[in-house]
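Let me give you the structure first, and then I'll get to my questions.
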Amino acid sequence: MKEKSNLRFAIIGCGRIAERHAEHIEHLAQLVAVCDKKPERAKMFGDKHNCPYFNSVDEMLAAVKNIDIVSVCSPNGLHAEHSIKALNAGFSVLCEKPMATSSRDCERMMQTAEKANKRLFVIKQNRFNPPLAKLKEIVDEGRLGKILSVQLNCFWNRNDEYYSNSDWKGKKLLDGGTLFTQYSHFVDLLYWIVGDVKNVHAFTGNFMHKHNVEFEDTGAVILEFYSGAIGTINYTVNSYKKNMEGSITIFGEKGTIKVGGQYLNVLEYQNIEGYEIKDLPESGKANDYGFYQGSMSNHDKIYENVIDVFSNNAAVTTSALDGLKVTQIIEKIYEAANK
Ligand SMILES: NC(=O)c1ccc[n+]([C@@H]2O[C@H](COP(=O)([O-])OP(=O)(O)OC[C@H]3O[C@@H](n4cnc5c(N)ncnc54)[C@H](O)[C@@H]3O)[C@@H](O)[C@H]2O)c1
């Protein structure tokens with residue numbers, strides 16, 4: 001087992017994903033404070049993880065001075081406010097995806113980090129799925145030649161229980177949209193592997209969730225990348241009764257690869273000139289929230305990287321710039337859909 005780091009973390013928002021964070025922090029570093037606006041949740045979480053708990057962000061940031069990094073696990077629409085408060089208090093920030101629900105907010109977060117001379121990390125844990133890490137590696141090595149086109153499929157199920165169990169999911173201001181909450185780390189893969197997006201055409205609709213979701217539950221998107229590649233995103237949370245597929249297919253001059261499975265965790269197809277992907281390490285498990293499943297649970301890799309950055313000057317795997325770019329692409333898609 002690796003030696004525990006002395007880095008001290010605090011968590012804002014003691015909900016579902018915060019449990020993953022706490023688990024890895026306790027394993028790899030120190031958890032020194034948590035806060036949640038719901039007093040009973042803060043108390044339960046603090047008691048469970050044996051650390052001081054607070055009912056407001058301001059209270060925690062004022063009271064606890066020995067924090068190194070604040071993990072922001074609050075609803076999407078509060079990421080900017082909470083990250084900026086933590087940075088202004090003199091702490092670095094590890095922000096859950098999506099970085100924010102507007103590029104203006106991402107920029108404000110980055111400016112604050114620069115002014116405070118603190119680090120700002122954003123979580124995009126799908127990058128650590130073994131088949132995706134390999135895909136990125138061989139694209140960067142040029143083994144597929146020029147990337148011609150890409151297809152991203154996001155076919156999950158989010159039912160009424162999912163939205164009625166939350167006071168922010170499905171709300172325009174705090175959630176932002178299906179691409180922000182369910183699929184921002186899928187969009188990140190397009191940016192990471194194929195590059196930035198130049199032009200977008202999009203159609204969206206709310207077919208099954210008009211009564212509890214203030215935005216689309218389905219979208220069909222056509223993209224043109226600055227590289228000249230073209231692509232599509234077909235996404236929905238209406239896959240009947242259960243998650244069906246999360247997949248990316250890349251067509252290059254010298255090879256075709258599909259990474260699929262429910263969570264972009266399985267190498268489903270490969271045909272590459274003079275090369276074969278072999279012996280991939282096994283993928284981890286998806287985050288399991290009982291009545292629904294989320295993305296692959298690679299948060300341990302994120303924490304290892306954050307600790308490595310602080311302790312050994314390692315390179316950041318997912319930077320604030322990546323977070324900003326993904327938010328910009330999602331904004332472009334929604335702008336195109338609303339034309
Ligand atoms: N990377 C991933 O795979 C992944 C998975 C799930 C969720 N997330 C992201 O994590 C974030 C949280 O999602 P969740 O599913 O854990 O939601 P959740 O509703 O379970 O937890 C959010 C918590 O934040 C608290 N909160 C709300 N406003 C607050 C405030 N002003 N101050 C302090 N606490 C406040 C809520 O009371 C709640 O306990 C979201 O941004 C979501 O997109 C990421």
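What are the residues in the range 157-172 that are modelled with pLDDT of 95 or more and within 12 Å of the ligand (Cβ to nearest atom), if any?
Within the range 157-172, Arg158, Tyr162, Tyr163, Ser166, Asp167, Trp168, Lys169, Gly170, Lys171 meet the criteria.
Sticking with this one: Which of the residues belonging to the range 73-96 are of a type outside the set (S, T, N, Q), within 15 Å of the ligand (Cβ to nearest atom) and farther than 17 Å from Ser166 by Cβ?
Taking the range 73-96 and keeping what is of a type outside the set (S, T, N, Q), we get 73, 75, 77-82, 84-87, 89-91, 93-96.
Restricting the remaining residues to those that are within 15 Å of the ligand (Cβ to nearest atom) gives 73, 75, 77-82, 84-86, 89, 93-96.
Within the range 73-96, Ala80, Glu81, His82, Ile84, Lys85, Ala86, Ala89, Val93, Leu94, Cys95 meet the criteria.
Kindly check whether there is at least one residue in the range 257-273 that is surrounded by fewer than 17 Cβ atoms within 10 Å (Cβ to Cβ) and outside any strand (DSSP E or B). Write out each step before concluding.
Taking the range 257-273 and keeping what is surrounded by fewer than 17 Cβ atoms within 10 Å (Cβ to Cβ), we get 268-269, 271-273.
Add one more test, that the residue is outside any strand (DSSP E or B), and what stays is 273.
Yes, the range 257-273 contains a residue that is surrounded by fewer than 17 Cβ atoms within 10 Å (Cβ to Cβ) and outside any strand (DSSP E or B).
Find the helices (runs of 4 or more DSSP H) located wholly in the range 1-96 whose residues include 2 or more that are under 25 Å from Phe180 (Cα atoms), and list them. Before you say what the answer is, go through the steps one by one.
Values: elements: 16-28, 39-48, 57-63, 79-88.
Result: 16-28, 79-88.
Same structure again: With the requirement that a residue be away from the ligand (no atom under 16 Å from the Cβ), acidic (Asp, Glu) and not in a loop (DSSP other than H, G, I, E, B), what does the range 180-228 give you?
Selection gives Glu224 alone.
Taking the condition more than 30 Å from Asn66 (Cα to Cα) and part of a loop (DSSP other than H, G, I, E, B), does Lys172 pass?
On the way: more than 30 Å from Asn66 (Cα to Cα): yes; part of a loop (DSSP other than H, G, I, E, B): yes.
When the stated conditions are applied, Lys172 passes them.
Which residues, taken from the range 229-241, are aliphatic (A, V, I, L, M) and part of a loop (DSSP other than H, G, I, E, B)?
Within the range 229-241, Ala229, Val237 qualify.
Kindly establish whether Lys332 is among the basic types (Lys, Arg) and either in contact with a strand residue (DSSP E or B) (Cβ under 7 Å, 6 or more places away or on another chain) or modelled with pLDDT under 95 (or both). Working first, answer last.
Details: among the basic types (Lys, Arg): yes; either in contact with a strand residue (DSSP E or B) (Cβ under 7 Å, 6 or more places away or on another chain) or modelled with pLDDT under 95 (or both): yes.
Criteria met by Lys332.
If you scan the range 236-256, which residues turn out to be charged (D, E, K, R) and closer than 17 Å to Thr218 by Cβ?
Residues of the range 236-256 charged (D, E, K, R): 241-242, 245, 253-254.
Within the range 236-256, Lys241, Lys242, Glu245 meet the criteria.
The values are calculated or read from the model by the stated rules, or taken from the named source; none is laboratory data. All values derive from a computational prediction rather than experimental measurement. Because the Cβ atoms are built from the backbone with ideal geometry, glycine has one as well, and the counts that use them run over all protein chains shown.
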